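Here's the structure we're looking at; comments come further down.
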């Protein structure tokens, strides 16, 4: 089969089984767009801004486990995509981003719409490739998907000069069946001796904790994690990225840990003697001040990426390997060896945890007069039976969504945890909806975040993507305001937004449905009505309490045992 | 933890951009880099780089792990962990007017230097060896006499059978 470079590119996407490409055309990719036009298999979703394309592909990937694919033009097309590429990079999301480049002979001449896409993206990709001839395209694409989806996943950029995709040069096409790279060999199984040592240590624990993260979702090992946790009977906490790997409604789950984690999760960490850390990276938002982190614990850390191990926190038993393989091995060892921790110790530990739980660190003050954002999230969870795909933006609403929506299944909670990218939620929700058209998809956002990629309401209209937007509108950059209240004596520097659009009219102008909800009594009814409109994007603008804060909170320089609690903690139910 | 100097040797794909990935890693993560040398090997598809860096044990462990993670890096070894040779080459241009010529020549001989260029008023002396020896020669010549110094940065190799091969 003889094809042009542009056709080869699209054919290789077909051969990779790609369903959707999220992109935006421009000069350098016109040959590729022509190849897209002349086939049906790969569907192109035209976004309104390249950042939106990356977040859509990202959301699609997080909801399915498949790589997300993006196509953008050179210059501003590539630079606009960078925020989304960095977002995927920090959360280890497999994506392949194709950037057009100016014609090869013009490279380096400051040609129109020329930017060094390889140089610009280098610090925020897993790897990037510059295509050097049309003959290389198929192999590079194969390598790009291989690198993006294996080991610790991540985004891979492929930069292709325009002339290499031109229709007049036809070359034989064959998509490589496999790929080998001498400089890239992702690990699989963990060291057997280390795994054995870990299991032995777990059996000696008196006050154990299991700390899980996004790696569990990436490696599809939530079943193994659940079995292992239940076999051991130890408390399980999760990072923001790992929510849903272990069911939130299970009795062994003690909630999220870290800066806005629960009292019981954080104190459990602080007081544990054996910590099993799986698919996590000891991020600063999780550990608090590392000097105070788990002062009494022997730490077992399982991760596929050796650089995650002992990066921020020293580890006693490091295990580099695919979680699925390692957790399976642990289960086998536990089945062979009946030694377990002393049940009395574990019972004592649980009763301590129950005491901490009784503090009710997530209790908030309810109100009949003003809508509490936490209440809205609880109702969203109820109305969707806890089974929706929930995307979020970044800030207070993100934390409330993480705290009050109970995720029982993996890949339901989709947010920008590492980079903290405002503007992520709406486009990510659209990507999720394409992947799961029959499921409820809701974007929990705030009036500030939503405006960062608001233009994608138009994409939703074009492709008929009826997601639900829950806008927790407090007329503040809420998290900024909260920090200013706590740390800057209430000097609210540039954190108030007083020129907001009428979101109802705005939604209606795109032929979506807009709702404004101002009374607590109307919250549930509005949500039920909105979720009943299966074919419509409904934008719900909830006017919420302006001064509500996210609790508990670990402030800068503090440890897990130094949480700032709700001022009325203990009185609230 | 104490900070010590390490010589890390790596084989990387001889591709455009692979050097900037290595250099970028050091600036991006705030690691020290004292010198970096790179050139193709007898296998033209591979380049060999030598990096001199410093840090405590944990930092050095992270540096080697992060380098290994770069897709273009094929193999690497921390030479400092075992017996090795780590040399650099220096060319130094010194003022050598009539009365001082002999003294400078003698100094060069002591350090096993080679005079590779001579004019009426200058010498260029080429010197190879470990970095301390080069530093010491610079000191011995003295700032007054020095016109220019150019150093290659350290290149290193393990002693004996141990080696870095694909």
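The range B:65-166 holds strands (runs of 3 or more DSSP E) entirely within its bounds, and those carrying 3 or more residues that are free of Cβ contacts under 8 Å to residues at least 40 places away in the same chain, touching a strand residue (DSSP E or B) at 6+ places or on another chain (Cβ under 7 Å) and over 30 Å from residue B:10 (Cα atoms) map to B:114-118, B:122-129. Here residue A:290 meets each of (1) within 29 Å of residue A:363 (Cα to Cα); (2) modelled with pLDDT of 95 or more; (3) within 14 Å of chain B (Cβ to nearest Cβ) with one exception, condition (2).
Yes/no matrix, rows are residues, columns are (1) within 14 Å of chain B (Cβ to nearest Cβ); (2) under 19 Å from residue A:13 (Cα atoms):
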position: A:73; (1), (2): no, yes
position: A:77; (1), (2): no, no
position: A:100; (1), (2): no, yes
position: A:103; (1), (2): no, no
position: A:128; (1), (2): yes, yes
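Restricted to the range B:18-35, and to residues there that are surrounded by fewer than 16 Cβ atoms within 10 Å (Cβ to Cβ) and within 13 Å of chain A (Cβ to nearest Cβ), the residue that is nearest to residue A:118 (Cα to Cα) is B:20. For the range A:1-93, the strands (runs of 3 or more DSSP E) that sit wholly inside it and include 3 or more residues that are under 20 Å from the mean Cα position of the chain (by Cα) are A:20-23, A:68-72. Screening residue A:157 on (1) crowded, with 20+ Cβ neighbours inside 10 Å; (2) within 14 Å of chain B (Cβ to nearest Cβ); (3) part of a loop (DSSP other than H, G, I, E, B) shows it passes everything except condition (3). For the range A:204-212, does any single residue satisfy the condition of being in a helix (DSSP H, G or I) and in contact (Cβ under 8 Å) with a residue 40 or more places away in the chain? So far as the range A:204-212 goes, no, none of its residues is in a helix (DSSP H, G or I) and in contact (Cβ under 8 Å) with a residue 40 or more places away in the chain.
Among the conditions (1) more than 26 Å from residue A:63 (Cα to Cα); (2) outside any strand (DSSP E or B), the only one that residue A:225 does not satisfy is (1).
Quick grid of which residues meet (1) touching a helix residue (DSSP H, G or I) at 6+ places or on another chain (Cβ under 9 Å); (2) surrounded by fewer than 23 Cβ atoms within 10 Å (Cβ to Cβ):
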{"residue": "A:436", "(1), (2)": "yes, yes"}
{"residue": "A:456", "(1), (2)": "yes, no"}
{"residue": "A:465", "(1), (2)": "yes, yes"}
{"residue": "A:487", "(1), (2)": "no, yes"}
{"residue": "A:497", "(1), (2)": "yes, yes"}
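Scanning for something in a strand (DSSP E or B) and either closer than 21 Å to residue A:307 by Cβ or touching a residue at least 24 places away in the same chain (Cβ under 8 Å) (or both), does the range B:20-34 turn up at least one residue? No, because not a single residue in the range B:20-34 is in a strand (DSSP E or B) and either closer than 21 Å to residue A:307 by Cβ or touching a residue at least 24 places away in the same chain (Cβ under 8 Å) (or both). The listed residues are A:144, A:138, and the only one of them that is in a helix (DSSP H, G or I), in contact (Cβ under 8 Å) with a residue 40 or more places away in the chain and within 14 Å of another protein chain (Cβ to nearest Cβ) turns out to be A:144. Taken over the range B:1-12, the residue count meeting the criterion of being within 11 Å of another protein chain (Cβ to nearest Cβ) and at pLDDT 95 or above is 3. Among the residues of the range B:42-61, those that are within 14 Å of chain A (Cβ to nearest Cβ), over 15 Å from the mean Cα position of the chain (by Cα) and in contact (Cβ under 8 Å) with a residue 12 or more places away in the chain comprise B:43, B:45, B:46, B:47, B:55, B:56, B:57, B:58, B:59, B:60. Restricting attention to the range A:161-181, which residues are free of Cβ contacts under 8 Å to residues at least 60 places away in the same chain and over 24 Å from residue A:117 (Cα atoms)? A:176, A:177, A:178, A:179, A:180, listed by residue number. I need the full set of residues from the range A:359-374 which are assigned to a helix (DSSP H, G or I) and out of contact with any strand residue (DSSP E or B) (no Cβ under 9 Å at 6 or more places or on another chain), in order please. Selection gives A:374 alone. Selection of the range A:331-358 for residues being surrounded by fewer than 19 Cβ atoms within 10 Å (Cβ to Cβ) and part of a loop (DSSP other than H, G, I, E, B) yields A:337, A:338, A:339, A:340, A:342, A:358.
The values are calculated or read from the model by the stated rules, or taken from the named source; none is laboratory data. A quick note: this is a predicted structure, and the numbers were derived from the prediction, not measured. Cβ atoms come from the backbone with ideal geometry, glycine included; neighbour counts cover every protein chain shown.
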